[in-house]
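Asks: This is the structure, below, for whatever I ask next.
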Amino acid sequence: MNPYNPFSLTHFAATIADVCAVERPKQAQPPLDWAVALLKAYCKDGFDRVFLHNADAVGMWLCKAYPQLLEPVRKHTLLTIPFQAVMPSVTPVCFGSMYTGANPEIHGIQKYEKPVIQIDTLFDAFIRAGKRVAIVSTQTASMSNIFLQRPVDIYNCPSEGAIVEKAQELILQDTYDLLCVYTYMYDTMDHRHGPQAPESIAALANQGQIFDSLVSTIERNWTGHNTLIGFAPDHGVHSTPEDSNLLGNHGTDSPLDLNILHYFGVVCGKNIGSKF
Ligand SMILES: [Zn+2]
């Protein structure tokens, strides 16, 4: 049996663009048409907003090993897409492919480095469509650096708690059409303690709680909008007990590192006649 997930992460950007009727990033791989059709069917007026929670390093095997910890994500979502991250499976390379829809040799980040991506991104496509875009992250993170030099508002916060607080504030202010929230504590704890250490599992549980709390705020407050919501990690993890300095890692072509699940849902506020 092929142990790898069937859909390359390079289909993510055009899928989101098509669901929102926004032009695809110029070098993006094609969308997953079945996912676009399914999601669009839930909001007949179309989507005018997107909320994405980019939880670093939450691999598919963790979702299977700890299903109860993902329940706060599942309860808000309708569709799970089994994506395969790109190689090398490290953060800037994977987020680069997610948001450009292009393979690493096209977007230019092929190792752990954080240059500004020069090719077209989903953020640029949303901005061209007149939409306001924000990323909530932390200063040294890939998400705060590789998408600079375009009119995206990047909020750098000193901790994961502060990221969540800022995201809550931005949702209440109701000013962004595409809001990406990057959280990193599972990745940090994994490297430090290993993928299944108690500290890491506590951080994993918190990822589900963060998604639940932010989406609940959207459900209560973005009532005049139709919002596509997504829990969208970048890559997975594997255990490296032989290396005492780094008990968990990623970057290889193991299915543990490459297989990820993205969960999508809809919050329809505009049309009472929708399925929700
Ligand atoms: Zn990562």
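The values are calculated or read from the model by the stated rules, or taken from the named source; none is laboratory data. Please read all numbers here as calculations on a predicted model, not as lab measurements. FYI the Cβ positions are ideal-geometry reconstructions off the backbone, even for glycines, and counts take in every protein chain you see. Note: accessible area is taken over every heavy atom of the protein model, side chains too, but ligands, DNA and RNA are not part of it. Shrake-Rupley method; radii C 1.70, N 1.55, O 1.52, S 1.80 Å.
Asks: Restricting to Cα pairs below 8 Å that are 6+ residues apart, what does the relative contact order work out to for the chain? Please round to a whole percent.
Replies: This gives 30 percent for the chain.
Asks: Quick check: residue separation of Glu242 and Ile106 times 0.36 nm, minus the Cα distance between them. What number comes out in nm? Present the calculation step by step, with values, prior to reporting the outcome.
Replies: On the way: separation 136, 0.36 × 136 = 48.96 nm, distance 3.43 nm.
Between Glu242 and Ile106, full extension yields 45.5 nm more.
Asks: Something else now. Taking the Cα centre of region 7-268 as the origin and placing charges on Cβ (Lys, Arg +1; Asp, Glu -1), which of Val164, Asn249, Ile229 is farthest toward the positive end of the dipole?
Replies: My answer, from the dipole projection, is Ile229.
Asks: Here's something else I'd like to know. Over region 7-268, average the accessible area per residue using a 1.4 Å probe and give it in Å², no decimals.
Replies: 36
Asks: Report for the chain the percent antiparallel among DSSP-assigned beta bridges with both residues inside it, nearest 5.
Replies: Beta bridges within the chain, antiparallel portion: roughly 40 percent.
Asks: Separate question: Can you give me the long-range amide H partners of Tyr155? Hydrogens built in the peptide plane at 1.01 Å from N, cutoff under 5 Å, separation of 5 or more residues or another chain.
Replies: Long-range HN contacts for Tyr155: Ile135, Val136, Ser137.
Asks: Relative to 2.2 N^0.38 Å, what does the C-alpha radius of gyration of the chain come to as a ratio? Two decimals please.
Replies: It is 0.92.
Asks: Further question on the same structure: Give a residue-ordered list of calculated ³J(HN,Hα) values for region 68-79 (Karplus: 6.51 cos²θ - 1.76 cosθ + 1.60, θ = phi - 60°; whole Hz; x for Gly, Pro).
Replies: These are the phi-based 3J(HN,Hα) values: 5, 6, 9, 4, x, 7, 4, 5, 9, 10, 10, 9 Hz.
Asks: Got a sec to turn the phi values of region 26-37 into Karplus ³J(HN,Hα) couplings, 6.51 cos²θ - 1.76 cosθ + 1.60 with θ = phi - 60°, whole Hz, x for Gly and Pro?
Replies: Karplus values, whole Hz, x for Gly and Pro: 4, 10, 6, 5, x, x, 8, 4, 5, 6, 4, 5.
Asks: Please determine, in degrees from 0 to 90 and to the nearest 10, the orientation of helix 91-100 with respect to the longest principal axis defined by the Cα atoms of the chain, where the helix direction is its Cα long axis.
Replies: 20
Asks: Short version: ³J(HN,Hα) in whole Hz for each residue of region 175-191, in order, from phi by Karplus 6.51 cos²θ - 1.76 cosθ + 1.60 (θ = phi - 60°), x for Gly and Pro, what are they?
Replies: Going residue by residue, I get 10, 10, 9, 10, 10, 10, 10, 9, 10, 10, 5, 5, 4, 4, 5, 4, 4 Hz, with x marking Gly and Pro.
Asks: Putting +1 on Lys and Arg Cβ atoms and -1 on Asp and Glu Cβ atoms, find which of Tyr186, Ala202, Ser144 reaches farthest to the positive end of the dipole of region 128-276.
Replies: Projecting each Cα onto the dipole axis, the largest value belongs to Ser144.
Asks: Probe radius 1.4 Å, ligands and nucleic acids ignored: give me the carbon and sulfur share of the accessible area of region 7-268 as a rounded percent.
Replies: On the way: 4820 of 9450 Å².
Reported share for carbon and sulfur atoms: 51 percent.
Asks: Determine the shape class of region 21-142: with a ≥ b ≥ c the square roots of the Cα gyration tensor eigenvalues, call it rounded for a/c under 1.5, and otherwise prolate if a/b is greater than b/c, oblate otherwise.
Replies: oblate
Asks: Quick one: Cα centre-to-centre distance for region 7-80 and region 138-199, in angstrom?
Replies: Centre-to-centre (Cα) distance: 18 Å.
Asks: Okay, next question. Relative to the Cα centre, what is the charge dipole magnitude of region 126-268, using +1 at the beta carbon of each Lys and Arg, -1 at the beta carbon of each Asp and Glu, and rounding to the nearest 20 debye?
Replies: 600
Asks: Work out the length of the dipole vector of the chain about its Cα centre, built from +1 on the beta-carbon of each Lys and Arg and -1 on the beta-carbon of each Asp and Glu, and round it to the nearest 20 debye.
Replies: Numbers: 19 positive and 27 negative charges, 157 e Å.
About 760 debye.
Asks: If Lys and Arg each add +1 and Asp and Glu each add -1, what is the summed charge of the other residues whose beta carbon sits under 15 Å from the beta carbon of Ser200?
Replies: -4
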